[in-house]
Amino acid sequence: MNRTQPCLTWSVPFCRVLVLAIASIVCLISAAAQEKVAVTLDVQRLAKIQERMRGYVDAAKTGGIVTLVEQDGKVVESSVAGMQNIEDNKPMRQDTIFQIMSMTKPFTAVGIMMLAEEGRLSLYDEVQTYLPEFRDQPLNVNGWMKKPSRPIRIADLLSHTSGMRNEPQGAMRDLYRTMDRTLADAVKEFAKEPLEFDPGTHWLYSNPGIATLGRIIEVVSGQPYERFIETRLLQPLQMRDTFFYPPADKLDRIAMVYMPKDGKLVRGGSDLLGGDPALYRKGAKYSAPEFGLFSTAEDLSHFCDMILHLGTWKGVRLLSPVSVQTMREPQTSGMQAGWYPGADYGLAWEIVNRPAGILGFFPVGTFGHGGAFGTHEWIIPSRNMITIFMTACEGDCSNLPERAFQEMVAASVQ
């Protein structure tokens, strides 16, 4: 029997598309299999992480630290050091809840990818298609306003190449502390700000850009942004301690934010992102798709595990493998991008993509995201590993302990 005969009943173009699609799926599966090489870990080295983290706490670098490492779907390291609330003498716990700040951004990006998979939007779509207030947005060229070469696309927002500013200006200047405007109101104001460069030509980390994606989710889905994220991601991933607005029964587990000053730690106040941590965002209206989530190390491991396993968690598929792979592809080659040496940006993920990146003991292909108060997640496909570092400090006080943690984990690979 001629095994190619069924194709004779279809058009030649359709057969070609079918063959290409099958080939793409085979390549995707093959690549996923190849990048996950079995590794063993030195448990004695991992056991030293807690002592090292306690040293940073004792030196008043930060109030407390939680770490977690998963490899092959199993927790291989977890440690706790210090206090979640120094004034109230509350020790840090494995289930302490942190403001994860910009680690919210990948959740927003996944929400956009879900809508794209459903055919409800395209990454090529212009933002003004869904948000008319972005029509005729000007470009600032040395103080002169001109028309940009093209409108912003959704993909530009995801990769931080839209030209939108880093922080809100004008009427929204205090929004990130007061949280007193709705997402819809805020994004309308963001649209009035001129672009810093032509879309797609440079990289500039843009919080308002990610907020704009959250507003697009609202318009396309017909739901409040936070409700969409809750029902489509947090609930299926059983992230029970993850939320935008703290419920009363979780308040006593939320870490306060501290700043090192003159060898001591001082609690942050109302000038912090999200406002005074001790007020728990009471009365807030702004959902903050760019920094709004609270979470725990364990909850974040569920999300990272889903991404590591190409969109599947505990047998439930939330995202297609193609979407995850697309998010992991560098979009900023040739640009100065990211926070980490040797990094590029994909769609809301920072990706170790060049040799300089391995100075942090990360293999090329590692990707992740951090938050303003010192939280960080890294997904390491080649080691089938997830690392999560959690602290709550303002400034660069988390840099040294976070790097020490990551390097100690990497050094445990045998």
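The values are calculated or read from the model by the stated rules, or taken from the named source; none is laboratory data. Given the structure is predicted, the values throughout are model-derived calculations rather than measurements. Positions of Cβ are backbone-derived with ideal geometry, glycine not excepted, and every protein chain shown enters the neighbour counts. Each accessible area value is taken on the protein alone, full model and side chains, heavy atoms only, with ligands, DNA and RNA left out. Shrake-Rupley method; radii C 1.70, N 1.55, O 1.52, S 1.80 Å.
Results, tabulated for the structure shown:
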| read-out | value |
| --- | --- |
| With every protein chain in place, the chain: carbon and sulfur % of accessible area (1.4 Å) | 53 percent |
| Among Q71, Q223, Q84: highest mean-square fluctuation, GNM of the chain, C-alpha pairs under 10 Å | Q223 |
| Surface accessible to a 1.4 Å probe, per residue, for the residues of the range 285-414, Å² | 32 Å² |
| Hits among lysines - C-alpha to C-alpha of K285 under 27 Å, sequence gap 8 or more where chains match | K105, K188, K192, K250 |
| Set of aspartates and glutamates with alpha-carbon distance to K146 below 12 Å, sequence-local pairs under 8 removed | D136, E196, D198 |
| Value of Rg to Rh for the chain (Rh from inverse mean 1/r over Cα pairs, i.e. Kirkwood) | 0.99 |
| HN-Hα J in Hz across the range 355-365 - Karplus 6.51, -1.76, 1.60, θ = phi - 60°, x for Gly and Pro | x, 4, x, 6, 5, x, 6, 9, x, 4, x |
| Cα centre as origin, Lys/Arg/Asp/Glu Cβ charges: the range 249-387 dipole, Debye | 120 debye |
| Those lysines that a straight Cα-Cα span of less than 18 Å connects to K314, excepting residues fewer than 8 apart in one chain | K74 |
| Magnitude of the charge dipole, the chain, Cβ model with Lys/Arg +1 and Asp/Glu -1, debye to 20 | 520 debye |
| Alpha-carbon centroids, the range 166-188 and the range 110-135: separation in whole Å | 22 Å |
| Under 5 Å, built H, 5+ apart or other chain: amide partners of A343 | N353 |
| Most mobile listed residue (A255, A47, A155) in the chain, GNM with C-alpha springs under 10 Å | A47 |
| 222 nm mean residue ellipticity, helices alone, for the chain (DSSP H n ≥ 4; -39,500 (n - 2.57); rounded to 500) | -8500 deg cm²/dmol |
| Pair-distance profile P(r), taking every C-alpha pair of the range 270-384, with 10 angstrom steps and integer % | 12, 37, 32, 17, 2 |
| GluC sites (Glu not before Pro) restricted to DSSP loop in the range 67-115 with at most 10 other C-beta within 10 Å | E87 |
| Charge dipole of the chain about the Cα centre (unit charges at C-beta), most positive-ward option of T129, L400, V187 | T129 |
| Cα gyration tensor shape for the range 109-226, rounded if a/c is under 1.5, else prolate or oblate | oblate |
| By accessible area with a 1.4 Å probe, ligands and nucleic acids excluded, highest first: order of E350, E167, E193 | E167, E193, E350 |
| Length added when fully stretched, E407-K264, from 0.36 nm per residue minus Cα-Cα | 48.8 nm |
| Within a Gaussian network of the chain (alpha carbon springs, distance under 10 Å), most fluctuating of T201, T326, T40 | T40 |
| Other-chain or far-sequence residues with amide H under 5 Å of E329's (modelled H) | L347 |
| Mean accessible surface per residue for the range 156-262, computed with a 1.4 Å probe while every protein chain stays in place, in Å² | 39 Å² |
| Under the Karplus curve 6.51 cos²θ - 1.76 cosθ + 1.60, θ = phi - 60°, whole-Hz ³J(HN,Hα) for the range 184-190, x wherever Gly or Pro sits | 4, 5, 5, 5, 4, 6, 4 |
| Interchain or long-range residues, amide H under 5 Å from Q84's placed H | K90, M92 |
